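Some notes on the structure that comes next.
The values are calculated or read from the model by the stated rules, or taken from the named source; none is laboratory data. Being a predicted model, the structure only gives us computed values, none of them experimental. Counting neighbours? That spans all protein chains shown, and the Cβs are built from the backbone with ideal geometry, glycine included. These area figures cover heavy atoms from the full protein model, side chains too; ligands, DNA and RNA do not enter into them. Shrake-Rupley method; radii C 1.70, N 1.55, O 1.52, S 1.80 Å.
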Amino acid sequence: MRILLVGIGGVFNYGCEAIVRGTVAMLRTKLPQAAIFYASLDYDRDRKALGDLDIQIVDVNMKKHTSRWLVERVRRRLGLGIKLGPWYPSLFPPCDVALSIGGDIYTIDANTVPAGYRHSLVEMGEHLIAKGIDYVLWGASVGPFTQHPEIEAYYRRHLQKCALITAREDITKGYLDRLGCAHVAEVADPAFFMAPAARFPDVPAKIAKTRIGLNLSRLSIAQRYPREEWSRQEFRIVESIRALAAIPDVEILLIPHVQPGDQSADDDCAFLEDIQRQVGGDNLRLLPPGLGAPRTKRIIAECDLLIAARMHCAIAGCSSGVPTLFLAYSSKALGMAEYVYGHRRFCLRLDEIDGAQLVAKAREIQSHSAEISARLKDRLATWQSEALAAVDALLKATS
């Protein structure tokens, strides 16, 4: 079987790296002889980050003014070539199955304009399906699109054509059932299958009794609020972190999980640097850039508590046995918290956060930390088994 992993912009997003690494480990467990290809839009960086994996990394970024670019322009003029967002399917290697691996890419944010909405990955999936390739939405959170009937109809038509959708939490599974999607398997996120770095001597030395790992993203604000609200919401979050940092004998380790290096809303490093500068204090430290997903997971394992807005940062904590508080800016965090804990008590909506609320929730989790940690460690084998079930579902759907 020739399997193509496609759908992400690059593993500068450690969550995407965790999905790739977890997926490859799962596929190798069940399909050791499969040829696995990863479609990269950021070839040099992805090859450096993923060079230890037994996969072929394929450069599918069409660089302008190259011979390949000129050929593609001619093909398109002749009606033979196609571009779907950043993707040129003519650059994909031949494959039997395409796994769309972005996690929550089939969603819309609060600022999306419904009129004429199109999604490049949906269009790419449609193209691959038309070519006879089994297209699979892999480890996904989907929607909901209920408030936008025209968008919901657009996604429903596409989702019903997928060979398989593996849903990583029951909110998505329930929503897909309501849309009439028959080929849905509820599984665990592939990131539960990613191992941390075995050895990493540069874990920062502890400087306080309690170490709190903290991941925040400006993107979570951008997706939750209109632009005119961003500054006010950032101020509220900074004040909340200030209250957290004032707890006696606590250190806070700021953990970036997405690092495009472009100072955009998607750049955790830039946002966390702003927080560090505004809050101040020696007990607030920022992890250096470029660690990658396995080493970052290794450091997270040394925390006593993790507070995370990024889904896969939270998964790194839970799968390491670290009591984790989910900061929710979409339904996916609610579903994942429920999957991990069986309840939503350890999940705070982004718009609920203030200093008192955050401190109270951190203290509540810390007061039961030994019990929570033991339960998370006991559950890891189950999560990995449920993640691996996605490969069984894949074999069944494509046989």
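Quick look at the values:
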{"item": "Of residues in the stretch 206-223 being assigned to a helix (DSSP H, G or I) and surrounded by fewer than 20 Cβ atoms within 10 Å (Cβ to Cβ), the one modelled with the highest pLDDT", "result": "L219"}
{"item": "Given (1) within 30 Å of L50 (Cα to Cα); (2) at pLDDT 95 or above; (3) of a type outside the set (D, E), index of the condition V250 fails", "result": "(1)"}
{"item": "Qualifying residue in the stretch 9-21 (condition: assigned to a loop (DSSP other than H, G, I, E, B), touching a helix residue (DSSP H, G or I) at 6+ places or on another chain (Cβ under 9 Å) and open to solvent by 30 Å² or more (accessible area, probe 1.4 Å))", "result": "yes"}
{"item": "Residue check for L272: among the aliphatic types (A, V, I, L, M) and closer than 19 Å to A205 by Cα", "result": "no"}
{"item": "Search result, residues across the stretch 87-110 that are more than 24 Å from D189 (Cβ to Cβ) and either modelled with pLDDT under 80 or open to solvent by less than 50 Å² (accessible area, probe 1.4 Å) (or both)", "result": "Y88, P89, L91, F92, P93"}
{"item": "Options R227, R232; residue that is touching a residue at least 60 places away in the same chain (Cβ under 8 Å), open to solvent by 40 Å² or more (accessible area, probe 1.4 Å) and of a type outside the set (D, E)", "result": "R227"}
{"item": "Residue check, I247 open to solvent by less than 10 Å² (accessible area, probe 1.4 Å) and either out of contact with any Gly (no Cβ under 9 Å at 6 or more places or on another chain) or of a type outside the set (S, T, Y) (or both)", "result": "no"}
{"item": "Enumeration of residues in the stretch 308-340 that are at pLDDT below 95 and hydroxyl-bearing (S, T, Y)", "result": "Y329, S330, S331, Y339"}
{"item": "Scan of the stretch 135-164 for residues that are open to solvent by 50 Å² or more (accessible area, probe 1.4 Å) and of a type in the set (D, E), ordered by number", "result": "E150"}
{"item": "Tally, over the stretch 182-196, of residues that are surrounded by 16 or more Cβ atoms within 10 Å (Cβ to Cβ), in contact (Cβ under 8 Å) with a residue 60 or more places away in the chain and either in a loop (DSSP other than H, G, I, E, B) or β-branched (V, I, T) (or both)", "result": "6"}
{"item": "Index of the failed condition, R199 passing every other in (1) open to solvent by less than 40 Å² (accessible area, probe 1.4 Å); (2) in a loop (DSSP other than H, G, I, E, B); (3) not polar (S, T, N, Q)", "result": "(1)"}
{"item": "Boolean, T324 is polar (S, T, N, Q) and closer than 21 Å to A245 by Cα", "result": "yes"}
{"item": "When residues of the stretch 321-373 are limited to those that are among the aliphatic types (A, V, I, L, M) and more than 25 Å from the chain's Cα centre (by Cα), the one nearest to F235 (Cα to Cα)", "result": "A356"}
{"item": "Members of the stretch 46-86 found to be open to solvent by 60 Å² or more (accessible area, probe 1.4 Å), assigned to a helix (DSSP H, G or I) and modelled with pLDDT of 80 or more, listed by number", "result": "R47, K48"}
{"item": "Filtered residue count, the stretch 250-269, keeping only those that are open to solvent by less than 10 Å² (accessible area, probe 1.4 Å), closer than 20 Å to A293 by Cβ and of a type in the set (A, V, I, L, M, F, W, C)", "result": "4"}
{"item": "Counted residues, the stretch 166-181 - those being in contact with a Ser or Thr (Cβ under 7 Å, 6 or more places away or on another chain) and either part of a helix (DSSP H, G or I) or under 21 Å from A98 (Cα atoms) (or both)", "result": "3"}
{"item": "Filter result (out of contact with any helix residue (DSSP H, G or I) (no Cβ under 7 Å at 6 or more places or on another chain) and at positive phi) within the stretch 126-173", "result": "G132"}
